[in-house]
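In what follows, a single structure is set out as structure tokens and then discussed.
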Amino acid sequence: MSTEVAFEQIFGRPESLKTNPTHYCPGCGHSVAHRLVAECLDEMGLREKTIGVPPVGCAVLAYNYFNFDMVEAPHGRALAVATGIKRVHPDKFVLSYQGDGDLAAIGTAETIHSGNRGERISTIFINNAIYGMTGGQMAPTTLLGQTATTAQAGRDARLHGSPIDISRMLAVCDGVVYVERCSLTSIKQIRRAKKAIKKSYQCQLDDLGFSIVELLSPCPTNWKVSPKAAWAWVNDEMTKTYPLGVIKDTTGYEDKK
Amino acid sequence: MPSEKMLMIGSHVVAEAAVRAGCRYYFGYPITPQNELPEYLSARLLEVGGTFIQGESEVSSINMVLGASAVGARTMTSSSSPGVSLKQEGISYMAGMELPGVIINMMRGGPGLGNIAPSAADYFQATRGGAHGDYRTPVLAPAGGQELVDLTFVAFDLADKYRTPVMLLGDGLMGQVMEPVIFPDFIDLKDLPEKDWIVDGCEGREPRALFSMFLGQQGELYQHNLHLQEKYDKITAEEMRWETNCPDDAEMVVVAYGTAARIAESAIEELEAEDLRLGLFRPITLWPFPKPALRELSKKVPKVAVFEFSLGQMVEDVIFSVGERAEIYFHGLPGGIIPTPADVADFLRSAAKGDGKVGRRIDV
Ligand SMILES: Cc1ncc(C[n+]2csc(CCOP(=O)(O)OP(=O)(O)O)c2C)c(N)n1
Ligand code: SF4
Ligand SMILES: [Mg+2]
């Protein structure tokens with residue numbers, strides 16, 4: 001008589017992620033964010049109706065990692081491209097995934113106006129306070145005093161302006177229904193981020209308006225620290241400039257705390 | 001059913017033709033002298049269940065076109081010179097990603113803010129690629145009137161056939177002048193060939209990505225560029241358009257496009273009374289420029305006179321085509337004024353005599 005053993009798989013790769021290894025550095029927040037985006041799509045059954053728009057930035061190759069349809073956009077224009085897509089296919093699920101340079105510098109106009117038009121798009125905003133892809137230049141989100149290859153003595157408010165909080169800027173637009181900032185650097189916050197991403201997806205499914213989830217994300221490589229120190233820096237320093245939590249919520253959903 | 005004969009301004013004509021050619025998605029930013037086009041579409045597209053968005057800039061507008069095209073729509077944007085400059089990065093991406101789309105440029109005076117009077121000084125930008133990278137954009141140059149209707153249809157068809165952005169190059173005058181036109185019936189989008197490359201959600205198939213970036217170490221970008229070039233060679237071989245109206249005994253052929261050609265036509269008629277036998281060669285595709293046709297013609301006519309609303313851009317393509325087969329004369333008026341047939345007639349008289357009083361002889 002054979003012994004039957006039942007196995008239940010309790011952890012695996014989400015279907016919305018391809019099996020390709022990513023090019024992200026060890027400790028990079030993009031990897032965690034990709035996984036969350038994918039898990040949420042799977043759990044909400046959205047993969048096959050999703051059209052994603054990656055940024056120009058470290059996540060430019062996201063279409064090699066995400067297992068759904070994607071359309072490249074020029075640097076900063078993801079939300080314009082996503083607008084074109086969503087207006088043609090209002091029944092599809094449209095996602096933009098953008099870094100801080102992409103979304104809050106070169107693409108500021110697209111960001112604010114897509115939000116203001118209330119485009120039914122879910123945006124994942126990876127704020128790592130630096131230009132990762134191009135090698136560590138100052139970002140619009142770089143913290144005061146933080147060094148960058150183009151702000152070698154540290155960001156100085158008089159010289160460079162203060163870090164921009166584009167999520168709060170978006171929150172004043174009527175078309176924006178939900179804005180939340182989470183981090184990717186603690187189990188608790190990762191769980192919180194997942195809930196926020198799902199809620200942002202729901203806003204689109206319910207035709208409420210534009211929503212964005214900002215994710216404070218470590219870039220150990222260009223911050224020139226270890227992954228562990230990078231995670232600690234997000235928790236200890238970045239959250240002072242970018243406090244975590246819900247910035248705007250007019251969804252009326254029950255889970256509001 | 002085709003429409004009755006209708007009297008409309010050029011910008012409205014292009015807009016209505018686009019709707020009948022199946023365009024349901026327009027994205028653009030206001031700029032004179034083409035505002036009548038988006039204004040018309042802002043109302044018209046609502047009537048036919050389409051979408052009109054006034055973008056926050058020309059940059060965002062062309063990228064909305066990019067997105068709408070990637071998911072399969074017939075889509076367009078329009079602008080005038082400074083705005084078209086802003087669209088260039090997006091056009092380059094569309095060329096690289098092989099996305100169809102139609103861009104209307106109702107040219108105005110430049111450089112910089114220039115003025116709002118007509119001009120044809122964007123020829124280089126339109127025909128030489130315009131933005132970065134090794135790509136070409138088919139450019140159609142209507143001479144106004146019915147051709148605005150016909151070439152708008154052609155623009156959408158070429159864009160889909162070759163998966164490329166296509167530019168319709170008019171000017172501010174053409175956009176404002178009222179002329180009689182007849183519109184063909186609305187096409188049925190279902191009659192168009194299926195686009196099997198679009199991205200619309202991966203239900204029932206493997207996911208697709210549309211992109212212009214090729215980082216591979218095996219020469220992927222090199223191969224992609226060769227593939228694009230093959231397409232441009234095919235367009236060059238198959239899609240050149242021009243119109244020739246040249247008597248066998250002509251002593252000179254005038255080369256002009258768009259509004260300049262219309263004005264040249266009037267000048268040619270005027271000069272018939274003075275016993276000058278002149279022909280007209282009018283390129284309709286500016287890229288690909290109809291070089292072989294002009295080359296053949298220049299073997300039969302001793303002189304070629306080029307007239308442009310710019311200080312000399314198309315003339316370079318004429319020189320490439322004609323070489324030393326005929327004498328080439330050039331007269332260009334900078335954009336930003338409205339030239340008259342008399343301006344052109346003076347030039348043609350002078351070129352015929354070869355006295356160098358108006359315009360100049362090009363030393364090839
Ligand atoms: C028009 C244009 N300007 C500049 C660049 C170069 N560039 C590529 S990515 C990037 C910044 C990326 O930073 P961010 O958006 O913060 O993304 P990250 O890499 O940090 O995730 C820049 C400046 C470009 N590709 N295109
Ligand atoms: S450079 Fe920074 S953002 Fe880019 S992959 Fe590496 S850690 Fe991530
Ligand atoms: Mg960044």
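Nothing in this text is a laboratory measurement; each read-out follows from the coordinates by a stated rule. Worth saying up front: this structure is predicted, and the values here are computed from it rather than measured. FYI the Cβ positions are ideal-geometry reconstructions off the backbone, even for glycines, and counts take in every protein chain you see.
Shielding value for A:44-57 is 3, the average number of Cβ atoms from other chains within 10 Å of each residue's Cβ. Within chain B, all pairs of alpha-carbon atoms sorted by distance into 10 Å bins from zero give the percentages 5, 25, 32, 23, 11, 3, 0, 0.
For region B:242-362, the alpha-carbon radius of gyration amounts to 0.93 times the rule-of-thumb value 2.2 N^0.38 Å expected for a compact globular protein. Neighbouring Cβ atoms from other chains, within 10 Å of the Cβ of residues in B:69-80, number 3 on average.
Looking at the square roots a ≥ b ≥ c of the eigenvalues of the Cα gyration tensor of region B:85-193, which shape do they give, rounded for a/c under 1.5, prolate if a/b is larger than b/c, or oblate? It is oblate, given that a/c is not under 1.5 and a/b is not larger than b/c. Taking amide H atoms as placed 1.01 Å from N in the peptide plane, the amide H of B:GLU243 lies under 5 Å from those of B:ARG282, B:ILE284, each 5 or more residues away in sequence or on another chain. For a test of the definition: using alpha carbon positions, the gyration tensor, and the 1.5 limit on a/c, classify region A:14-249 as rounded, prolate or oblate. Prolate, since a/c reaches 1.5 and a/b exceeds b/c.
Along region B:95-108 the Karplus relation, 6.51 cos²θ - 1.76 cosθ + 1.60 evaluated at θ = phi - 60°, assigns HN-Hα couplings of 5, x, 8, 6, 10, x, x, 10, 10, 9, 10, 8, 4, 10 Hz to successive residues, with x for each Gly and Pro.
Exposure proxy ranking for B:MET94, B:MET178, based on other Cβ atoms within 10 angstrom of each Cβ and starting from the fewest, stands as B:MET178, B:MET94. Taking a Cβ cut-off of under 12 Å around B:ALA342, the surrounding Lys, Arg, Asp and Glu residues balance to a net charge of -2, with basic ones at +1 and acidic ones at -1.
Residue order for B:MET167, A:MET133, fewest other beta carbons within 10 angstrom first, comes to A:MET133, B:MET167. Label sites at B:SER266 and B:ARG360, each approximated as a point 7 angstrom past Cα along Cα to Cβ, lie 2.8 nm apart. Suppose each label sits 7 Å from its Cα in the direction of the beta carbon; what would the B:LYS190-A:HIS160 distance come out to in nanometres? Here the modelled spin labels are 5.9 nm apart.
Computed over all pairs of different Cα atoms, the Kirkwood value for the hydrodynamic radius of the protein assembly as shown is 26.5 Å.
Inter-chain neighbour count for A:62-71: the average number of beta-carbon atoms from partner chains within 10 Å of each residue's beta-carbon is 6. Distances between placed amide hydrogens fall under 5 Å for A:MET70 paired with A:GLY52, B:ARG208, B:ALA209, B:LEU210, all partners being 5 or more residues away or on another chain. Within 11 Å, Cβ to Cβ, of B:GLY323, how many net charges do the neighbouring residues add up to if Lys/Arg are +1 and Asp/Glu are -1? Net charge around B:GLY323: +3. Roughly how many whole Å is it from the C-alpha centroid of region A:63-103 to that of region B:64-139? Their Cα centres are 22 Å away from one another.
In loop segments of region B:303-349 as defined by DSSP, there are no trypsin sites (Lys or Arg not before Pro) with at most 10 further C-beta atoms inside 10 Å of their C-beta.
DSSP beta bridges confined to chain A are antiparallel in about 20 percent of cases.
Listing B:GLU194, B:GLU98, B:GLU16 from fewest to most neighbouring C-beta atoms within 10 Å gives B:GLU194, B:GLU98, B:GLU16.
Answer rounded, prolate or oblate for region B:132-212, using the Cα gyration tensor with square roots of eigenvalues a ≥ b ≥ c: rounded when a/c is under 1.5, else prolate when a/b is larger than b/c, else oblate. Because a/c hits 1.5 or more and a/b fails to exceed b/c, region B:132-212 counts as oblate. Taking only the C-alpha atoms of region A:46-126, the Rg (one decimal) and the largest Cα-Cα distance, Dmax (whole number), read 11.4, 32 Å. Karplus-based coupling profile of region B:296-310, in residue order and whole Hz: 4, 4, 5, 6, 9, 10, x, 10, 10, 10, 9, 10, 9, 8, 7, with θ = phi - 60° in 6.51 cos²θ - 1.76 cosθ + 1.60 and x standing for Gly or Pro. The distance from the alpha carbon centre of region A:106-149 to that of region A:156-222 is 11 Å, rounded to a whole number. Among beta bridges from DSSP that stay inside the protein assembly as shown, the antiparallel ones total about 25%.
Structure note, pairs A:LYS194/A:LYS228; A:LYS86/A:LYS198; B:LYS161/B:LYS291; A:LYS199/B:LYS195: Cα-Cα distances above 25 angstrom occur for A:LYS199/B:LYS195. Applying the Karplus relation 6.51 cos²θ - 1.76 cosθ + 1.60 with θ = phi - 60° to region B:30-43 yields 3J(HN,Hα) values of x, 7, 6, x, 9, 4, 4, 5, x, 4, 4, 5, 4, 8 Hz, where x marks Gly and Pro. Amide H contacts for B:ASP134 (H built 1.01 Å from N in the peptide plane; partners 5 or more residues away or on another chain; cut-off under 5 Å): none found. In a simple Cβ point-charge model (Lys, Arg +1; Asp, Glu -1; nothing else charged), chain A has a dipole of about 460 debye relative to its Cα centre.
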